[in-house]
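Undergrad: Before we start, here is the structure in question, set down as structure tokens.
The values are calculated or read from the model by the stated rules, or taken from the named source; none is laboratory data. Bear in mind the structure is a predicted one, so any value in this text is a computation, not a measurement. Virtual Cβ from ideal backbone geometry, glycine too; neighbours counted across all protein chains shown.
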Amino acid sequence: MGVMTGLMTLLFGGGRNALRETVEVFRENAEKGAQRGHALQSAALAQMAAEFAAPQRGGFDRFMDGVNRVPRPALVFGILAMFVAAMADPVWFAARMAGLSLVPEPLWWLLGIVVSFYFGARHQMKGQEFQRSIAETYSRVPGVLGHVSALAAMEEPPPSAPATDNPALLDWQREGH
């Protein structure tokens with residue numbers, strides 16, 4: 001009996017599990033691997049959320065955002081006004097277009113570059129804001145999953161009463177008690 005006890009203590013006792021430790025040399029512990037993966041993913045999401053965090057904006061920044069919103073509607077309304085002017089007073093419109101035909105081609109290229117840079121920069125800024133919002137959303141995922149788990153635990157029905165073969169209890173339950 002002492003040999004078996006010593007062998008079992010060697011393999012499983014003394015606060016250690018030699019068999020598990022030996023297996024873990026050749027195969028990763030899945031639970032600990034999942035914990036490390038979760039910690040790594042949480043750290044990456046936290047870093048991404050911190051990188052894209054929106055700074056506090058002052059009055060000047062909000063004013064400039066308003067000014068930056070003016071060119072696109074102004075271009076659209078200007079083009080629509082040109083159509084209205086062409087229909088309302090074709091001679092006046094033709095005189096204005098004749099004046100535009102005298103603008104040298106390099107100035108048209110310069111206008112195209114300025115407009116392209118403006119809308120390209122705006123597109124890039126909106127893309128970065130979108131990435132920031134995605135990072136912020138992903139950073140909230142662990143908390144939401146925790147809330148969903150807690151709600152799911154509340155939904156689980158209580159364990160049912162064990163079945164009984166007591167005829168008197170069955171009659172009493174049939175009577176509606």
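So that you can scan it fast, the table gives a plain yes or no per residue for (1) under 30 Å from Val141 (Cα atoms); (2) without any contact (Cβ under 8 Å) to a residue 60 or more places away in the chain:
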{"position": "Gln35", "(1), (2)": "yes, yes"}
{"position": "His38", "(1), (2)": "yes, yes"}
{"position": "Ala46", "(1), (2)": "yes, no"}
{"position": "Leu75", "(1), (2)": "no, yes"}
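Conditions tested, residue by residue: (1) surrounded by 11 or more Cβ atoms within 10 Å (Cβ to Cβ); (2) charged (D, E, K, R); (3) touching a helix residue (DSSP H, G or I) at 6+ places or on another chain (Cβ under 6 Å).
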{"residue": "Gly78", "(1), (2), (3)": "no, no, no"}
{"residue": "Ala98", "(1), (2), (3)": "no, no, no"}
{"residue": "Trp109", "(1), (2), (3)": "no, no, no"}
{"residue": "Phe117", "(1), (2), (3)": "no, no, no"}
{"residue": "Arg122", "(1), (2), (3)": "yes, yes, no"}
{"residue": "Met125", "(1), (2), (3)": "yes, no, no"}
{"residue": "Val141", "(1), (2), (3)": "yes, no, no"}
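Undergrad: Scan segment 94-112 for residues that are outside any helix (DSSP H, G or I) and either closer than 19 Å to Pro71 by Cβ or not aliphatic (A, V, I, L, M) (or both) and jot them down.
TA: Those that are outside any helix (DSSP H, G or I) and either closer than 19 Å to Pro71 by Cβ or not aliphatic (A, V, I, L, M) (or both): Ser101, Pro104.
Undergrad: A further question on this structure: Could you please let me know if Val76 is more than 30 Å from Gln41 (Cβ to Cβ), at pLDDT 85 or above, part of a helix (DSSP H, G or I) and hydrophobic (A, V, I, L, M, F, W, C)?
TA: Answer is yes for this residue.
Undergrad: Residues being among the charged types (D, E, K, R) and in contact with an Asp or Glu (Cβ under 8 Å, 6 or more places away or on another chain): count how many of those fall in segment 31-49.
TA: Summing the residues that are among the charged types (D, E, K, R) and in contact with an Asp or Glu (Cβ under 8 Å, 6 or more places away or on another chain) in segment 31-49 gives 0.
Undergrad: It is to be established whether one or more residues within segment 12-30 are closer than 30 Å to Arg140 by Cβ, modelled with pLDDT under 85, among the charged types (D, E, K, R) and within 41 Å of the chain's Cα centre (by Cα).
TA: Yes.
Undergrad: Further, regarding this structure: Tell me which residues, restricted to segment 34-76, are surrounded by 11 or more Cβ atoms within 10 Å (Cβ to Cβ) and closer than 20 Å to Leu145 by Cβ.
TA: Ala34, Gln35, Arg36, His38, Gln41, Ser42, Ala44, Leu45, Ala46, Gln47, Met48, Ala49
Undergrad: OK, next. For Tyr138, which of the numbered conditions (1) in a helix (DSSP H, G or I); (2) within 22 Å of Leu80 (Cβ to Cβ) fails to hold?
TA: For Tyr138, the failing item is (2).
Undergrad: Quick check on segment 96-144: of everything there that is among the β-branched types (Val, Ile, Thr) and over 34 Å from the mean Cα position of the chain (by Cα), which residue is modelled with the lowest pLDDT?
TA: Ile113
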